[in-house]
Amino acid sequence: MKRRKNNIIQLCVLGILGAAVLFTLIFPNLNVHVKRREPLEISAVMRDVDSRLWSGLRMGMEQAASDLGAELRFLSPTSGTSSEQEELIQREAERGTDAMIVLPRDSEQLEQKIDFGEIPIISLESPLAGSRETVAPDHPQIGTQLAGLVVQEGAKQPVLLVSCYPKSSGVTQRVEAAQQALKKAGIQTILYYGDTFTQIEETANQQKAGQIVALDSKATLLLAEGYADSQSHPQLYGVGSVGEITTGLETGVLSAVAVWSEYAAGYMAVEYAVASAGRSTSRTEGTLRTSIIKEDEIYEPENQKLLFPIIS
């Protein structure tokens, strides 16, 4: 009787173990079909074909996408025109991307021509009507701070303010703030909108400008590269942390630049996109702090984190 009871117990144990083995074989397959979700696709539409101008943004976006399990699709207009950027955005909207990050070339025109529908939009630099979030530094502060450096130098000659993006509302705020601060100090300003170094140089020579202030990274890059081999040129101030801009600051071609963490901006943009699409509630709060870095301040620890994010 006792032996029979033990046999029954053993059979029950074996049955339970066998069921467990079958469960472990079957359950993973069931789990894949029931719980698996397609990765979130985020379209990042830039405004320039020159990837140097958004390399920091891209690094931050890619890190955030890796951390949050999203897939990034980078697009930029090969012609560098507003109309081509609109076409790219419209195509992604019609295709049904899960979320979109946009660095507008012409903010007003995009708002008028593009219907984003239900797609969550995160804008960079310039706000767009209907966007869930805008990731941007304090634009008026940038313009005011750069103008302040010119005033400190005791400028007597006219100051040339340069921008490659006349239709970007964010950059326009920088230009207007710089112009207002210089006017208040009694300094004459000349505005130039364009993206050709030769024309910038000719304008500066014709107007006898003592300083040139570039209010966006593309214009700053033009100055850094265009005046790199020049023995004599106006004092140059700019914006951004592109490698060639940092080199211009290091070699003394540029006197100072306004810098914020492009890496952080890219990371925040993807965080906001993922949260807006309902895949996460985690998001970084805060603003992008801007620092003015002069040519003799490059290697201070805090500045290295901004200028050399990879090795910091």
* Structure fact -> Reported set for segment 135-159 where residues are under 16 Å from LEU191 (Cα atoms), at pLDDT 95 or above and open to solvent by 60 Å² or more (accessible area, probe 1.4 Å) is THR144
* Extreme residue, modelled with the lowest pLDDT, among residues of segment 286-312 that are of a type in the set (A, V, I, L, M, F, W, C) and loosely packed, with under 14 Cβ neighbours inside 10 Å -> ILE311
* Considering each residue of segment 161-209, count those that are assigned to a loop (DSSP other than H, G, I, E, B) and buried (at least 19 other Cβ atoms within 10 Å of the Cβ), and give that number. => 5
* Give the residue that is surrounded by the fewest Cβ atoms within 10 Å (Cβ to Cβ), with candidates limited to residues of segment 223-280 that are of a type in the set (D, E, K, R) and part of a loop (DSSP other than H, G, I, E, B). => ASP229
* Structure fact -> For segment 104-130 the number of residues that are closer than 26 Å to GLU38 by Cβ and touching a Leu at 6+ places or on another chain (Cβ under 7 Å) is 2
* To do: Could you give me the residue pairs with C-beta distances under 9 Å whose first residue belongs to segment 101-112 and is surrounded by fewer than 16 Cβ atoms within 10 Å (Cβ to Cβ), whose second residue is among the acidic types (Asp, Glu) wherever it lies, and which are 6+ apart or on separate chains?
  => GLN109/GLU86
* Take LEU88 and decide whether it is assigned to a helix (DSSP H, G or I), over 24 Å from LEU57 (Cβ atoms) and open to solvent by 10 Å² or more (accessible area, probe 1.4 Å). => no
* **Selection within segment 38-76 - of a type in the set (S, T, N, Q) and open to solvent by less than 10 Å² (accessible area, probe 1.4 Å)** => SER43
* Asked: So which of SER126, SER131 ends up being within 21 Å of the chain's Cα centre (by Cα), small (Gly, Ala, Ser) and surrounded by 24 or more Cβ atoms within 10 Å (Cβ to Cβ)?
  -> SER126
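The values are calculated or read from the model by the stated rules, or taken from the named source; none is laboratory data. Quick caveat, the model's predicted, so the values are computed rather than measured. Every residue, glycine as well, gets a Cβ built from its backbone with ideal geometry; the counts of neighbours run over all protein chains shown. Please note that ligands, DNA and RNA were not included when accessible areas were found on the heavy atoms of the full protein model with its side chains. Shrake-Rupley method; radii C 1.70, N 1.55, O 1.52, S 1.80 Å.
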